[in-house]
Amino acid sequence: MSAPLLPRFGMGTAAIGNLYRAVGDDEAMATVAAALAAGIGYFDTAPHYGFGLAERRLGAALAVHDPAGRALVSTKVGRLLVPTAAQGSRHGFVDADPFEPAFDYGADGIRASFAASLARLRRERVDLLFAHDLGRMTHGDDHPRHLAAFLDGGHAAMVALKRAGAVGGIGIGVNEIAVCDELLDRVELDVILLAGRYTLLDRSAAALLDRCAERGVRVIVGGPYNSGILAADPAEADPQRLHYDYAAPDAAIVARTRALAAACARAGVALPAAALHFPLRHPAVACVVAGLVGADQVAAMVARIATPVPDAAWPLLDPLPQPEPMSPVTNQLILLHPDDNVLICVAPIAAGDVLPIGGGTVPAREGITVGHKIARRRLALGDKVIKYGAPIGSMTAAADTGDWVHMHNMKSDYIASHTRATVTEARA
């Protein structure tokens, strides 16, 4: 059985799993109903989104509004949901279902995860199944172990599900490029769902997409708005109050967003419409999936889909427009708030670069891209990560001064409170 044909656009369901804010059952149901009514017939979900909540809500909505099962659905494997008594915001999800995700990429874990997803979705099969969040940036030193579990049995279990007709196509759903390159030559992949790495702001996946086009592997681009910052024109919403890669944007990202918006204005198109259409310019990209919650967001996406982007816009947006010149950058790092224990990279850092931190200097141990965080002082396991004077996560491993602080050594369990506005209001 071949993998299904994909529409050009689909709906992501993390938001109806209470990402960043609580959403009621009625609003979640209305969102899916509005998407179906507008002709959006592909929905991507995962057990991780609200720890089962997004799958449950999607399944309930489709049972009512798509009883014939015409909509395409993809979900993911790689995490099992374990009951927990923990409450409140966890991993960025607010008031989610009472489970904690546990990684398991082995054959038994894949089969158990898939069966549980079918029950929540009220379906007998899904159209696409993705192994979720493989990669070193997510797992750090545990990456080889998880990858081995997937290669030694998990992938074969997914292939067996496809051959049995329970799955239309298989692939991986990730937000890092290296693991895609790592797996392309080793296993069968029908589709790669790649989030946030081929957008107006982040075009780092261009070479990977070229490889996928050569091999006939289709790509679904998720996160075309980079977690929200590209979903609003800076003239209407302050980018500093929005999310970039699941966190508050730094000054460099805000400046680039405004430069993009200015270029779009010169071409006569709104930034969000250009952001939604941009990934489809690459021949490997079959579909763009954007997260939606509320009928208003569905209507906005439908309007953007229908908005033609003038040919004159793309030369203005390629290469990525640069912000207006400011005072010369004399340091690759900035401090956003005196209470922060991380610094922000505002110019590319190469391994070996000497970084002035904490009144002295340290050599960079690895290359670090613009917008990412670097430890201002030694951080121990469990320490809160402070940015804009507020906690945005906690360390899952120790980091020395000058180390990159990212998904490989922190989790975003405080992310819901992480905006400059929140800090400002708290101090007022």
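Derivation of every value follows stated rules applied to the coordinates shown; laboratory data play no part. Since we're looking at a predicted model, the values are computed, not measured. Note: ideal-geometry Cβ built from the backbone for every residue, glycine included; neighbour counts use all protein chains shown.
Taking 0.36 nm per intervening residue step and subtracting the Cα-Cα distance, what contour gain separates D108 from D181 on full extension?
Difference between extended and current length: 23.7 nm.
Quote the charge dipole size of segment 210-307 about the Cα centre in Debye, to the nearest 20; the model charges only the Cβ of Lys and Arg (+1) and of Asp and Glu (-1).
300
Return the sequence-ordered ³J(HN,Hα) values of segment 89-97 in whole Hz as given by the Karplus equation 6.51 cos²θ - 1.76 cosθ + 1.60 applied to θ = phi - 60°, using x for Gly and Pro.
My calculation for segment 89-97 gives 6, 9, 6, x, 9, 9, 6, 7, 5 Hz in order.
Dividing the convex hull volume of the Cα atoms of the chain by its residue count, what figure in Å³ per residue is obtained?
Dividing the Cα hull volume of the chain by its residues yields 145 Å³.
Which ³J(HN,Hα) values in Hz, rounded to whole numbers, follow from the phi angles of segment 234-241 under the Karplus curve 6.51 cos²θ - 1.76 cosθ + 1.60, where θ = phi - 60° and Gly and Pro get x?
Working through the residues one at a time gives x, 6, 10, 9, 5, x, 5, 8 Hz.
If amide hydrogens are placed 1.01 Å from N in the peptide plane, which non-local residues have theirs closer than 5 Å to the one on E100?
V82, T84
Based on Cβ point charges of +1 for Lys and Arg and -1 for Asp and Glu, what charge dipole magnitude is obtained for segment 215-264 about its Cα centre, in debye rounded to the nearest 20?
The dipole magnitude comes to about 300 debye.
Between A207 and D353, what's the calculated FRET efficiency when r is the beta-carbon distance and R0 is 22 Å? Round to 0.05.
0.40
How far is it, in nm, from the label point at A251 to the one at E27 when both lie 7 Å from their Cα along the line to the Cβ?
3.4
Given segment 9-317, what percent of its DSSP beta bridges are antiparallel, to the nearest 5?
Roughly 20 percent of the DSSP beta bridges within segment 9-317 come out antiparallel.
For segment 131-261, what class follows from the C-alpha gyration tensor (a ≥ b ≥ c being the square roots of its eigenvalues): rounded when a/c is under 1.5, otherwise prolate if a/b is larger than b/c, else oblate?
Prolate.
If you keep only loop residues by DSSP, which GluC sites (Glu not before Pro) in segment 165-267 have at most 15 other Cβ atoms within 10 Å of their Cβ?
Passing both the DSSP loop test and the Cβ count: E188, E236.
Quote to one decimal, in nm, the extra length available between A312 and D152 on full extension: 0.36 nm per residue of separation minus the C-alpha distance between them.
52.7 nm
Toward the positive end of the charge dipole of the chain, about the Cα centre and with charges on Cβ (Lys, Arg +1; Asp, Glu -1), which of A350, V219, I177 goes farthest?
Towards the positive end, the residue furthest out is V219.
Can you list residues whose amide H is under 5 Å from H372's amide H, if they're 5+ apart or on another chain and H is modeled 1.01 Å from N?
C345
Any idea which of L230, G140, G59 is furthest toward the positive side of the dipole for the chain, if Lys and Arg beta-carbons carry +1 and Asp and Glu beta-carbons -1?
Ranked along the dipole, the leading option is G59.
Rounding to the nearest 10 and keeping the result within 0 to 90°, find how far the Cα-based axis of helix 107-121 lies from the longest principal axis of the chain.
It is inclined by approximately 80 degrees.
Dipole size in debye (nearest 20) for the chain around its Cα centre, Lys and Arg Cβ +1, Asp and Glu Cβ -1?
Dipole size: approximately 260 debye.
Round to the nearest 10 and give me the degree value, 0 to 90, for the angle of helix 25-37's Cα axis relative to the longest principal axis of the chain.
Result, in degrees: 70.
Among 125-131, 13-19, what's the highest-first ranking by average C-beta atoms within 10 angstrom per residue?
My ranking of the peptides, most packed first, is 13-19, 125-131.
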